[in-house]
1. Being assigned to a loop (DSSP other than H, G, I, E, B), open to solvent by 60 Å² or more (accessible area, probe 1.4 Å), over 22 Å from PRO51 (Cβ atoms) and not hydrophobic (A, V, I, L, M, F, W, C) is the filter here, so list the residues in the range 234-266 that pass it.
2. Would you mention how many residues in the range 141-163 are touching a residue at least 40 places away in the same chain (Cβ under 8 Å) and either exposed (fewer than 15 other Cβ atoms within 10 Å of the Cβ) or not basic (Lys, Arg) (or both)?
3. What number of residues in the range 41-80 are over 24 Å from SER262 (Cβ atoms), more than 22 Å from the chain's Cα centre (by Cα) and of a type in the set (A, V, I, L, M)?
4. Please indicate, with yes or no, whether at least one residue in the range 64-71 is at pLDDT 95 or above and either part of a strand (DSSP E or B) or open to solvent by 40 Å² or more (accessible area, probe 1.4 Å) (or both).
5. Hey, could you check the range 34-51 for residues that are of a type outside the set (Asp, Glu) and within 20 Å of GLU343 (Cβ to Cβ) and say which is least open to solvent (accessible area, probe 1.4 Å)?
6. Within the range 224-233, identify whether any single residue is part of a helix (DSSP H, G or I), at pLDDT 95 or above and more than 19 Å from THR75 (Cα to Cα), and answer yes or no.
7. Taking the options GLU311, GLU343, GLU350, name whichever one is among the acidic types (Asp, Glu), assigned to a loop (DSSP other than H, G, I, E, B), in contact with a strand residue (DSSP E or B) (Cβ under 8 Å, 6 or more places away or on another chain) and at pLDDT 95 or above.
Amino acid sequence: MEPREFFIEDRLERFRLKAFCNLGESGLGFFRLEEVLRMAGIAFSDLQDLPMNDAPNQGSLELRSAIANLYPGVTPDQVLVTTGTGEALYLAFHIMLQPKTKVALIWPAFQALYEIPKMLGAEIIQVPHESGFHASTWKDIDADLYILNHPHNPTGKTFSEREWNTLLTWFREKNKKVLFDEHYRFLPGEGLLGRTGVDPNHFFYGTGSFTKCFGVTGLRVGWLVAEESFLQRARSFKDYLTHTVSPLSERIALGLLKNKESFLPAIQSRVRNNIVRFTSLWRELPKTKSFTAPEGGLVGWLGLESGISSEEYADRLFEKTGVFVLPGSNFEEEGFLRIGFGETEERMAEGLKRWRECSDLI
């Protein structure tokens, strides 16, 4: 068995490095190594004596401790460091799912959240995003595993405090297994760190990373949080895949987590300013009819006028302006564009100017 083509990644590979204004990515625009080391509080000389052997398979104790501190009540032994969240999801699904397992998730969704379960024979229950952020919706859904991706990719939606608490209480009372995919926790609507539902003691598993939020996707560091017995199986499975994360990536990751309070507010300000700018003028963009502004994270969902192919629109926009956006068809949901807000404010402003003035897109 093998999964289908990864629609999103194929398009990103073709366009992201060529774009003048990259609104197609779901992460912050990248920082260069010199900037990253400064953010992490690391000098080049600090890396000279770093042993380039295998890091511990589960991840170094220091890094796992820093990750565990992001979650109330979680211990380092309940953390597995992985090569990005993609590996964390791959491991978790292979251990948790059997053929005919029912998996419920908010739709549309990031492809890895449903494509790997489908490959393993799971039955996918699509929960429309229009109702998926109400606790009452989930109470009517009978599934073996519930996946909560929040803040949500691609719509940017999340739960109100009341709906969130009601839903978690219901999951606990009914002994439901839940996987919280919380890639955007470092970019909440307000504050430094968003809410989490992860609780290994109640079979509330978690996958996460900081790489998209910090502009360092090239580090390829993510994690899986679960109870110790589950993690032991995942760690053994990981030996057949990447085996271990680079010690260089681990060292930089540790520095970034320890120093996040010094640089994260500036990143959050940049993203929020881009969202405000876009929200103020999206109605002036050709052939658009609706916009769901992010309540967290850095992606939003832009609706197109009826009958317009999102892929043709995106192709034409790139050709005419150099602005790259991701068509909704890549999420198997036609009539929309996913807009990312990780660009620099200057490029965002110029990209939107070009887009607004482009009169012959369709």
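1. TYR240
2. Adding up the residues that qualify gives 16.
3. 2
4. yes
5. Among them, the one singled out is VAL36.
6. Looking for residues that are part of a helix (DSSP H, G or I), at pLDDT 95 or above and more than 19 Å from THR75 (Cα to Cα), one finds none in the range 224-233, hence no.
7. Unique residue meeting the criteria: GLU343.
Okay, residues lined up against (1) more than 30 Å from ALA135 (Cα to Cα); (2) without any contact (Cβ under 8 Å) to a residue 60 or more places away in the chain; (3) of a type in the set (Ser, Thr, Tyr); (4) open to solvent by less than 40 Å² (accessible area, probe 1.4 Å):
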| site | (1), (2), (3), (4) |
| --- | --- |
| PHE30 | yes, no, no, no |
| LEU61 | yes, yes, no, no |
| THR85 | no, no, yes, yes |
| ALA88 | no, no, no, yes |
| LEU91 | no, no, no, yes |
| ILE106 | no, yes, no, yes |
| GLU115 | no, no, no, yes |
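The values are calculated or read from the model by the stated rules, or taken from the named source; none is laboratory data. All figures in this text were calculated on a predicted structure; none of them were measured in a lab. Every residue, glycine among them, receives a Cβ derived from its backbone with ideal geometry; neighbour counts consider all protein chains shown. Surface areas here come from the heavy atoms of the whole protein model, side chains and all, with no ligands, DNA or RNA. Shrake-Rupley method; radii C 1.70, N 1.55, O 1.52, S 1.80 Å.
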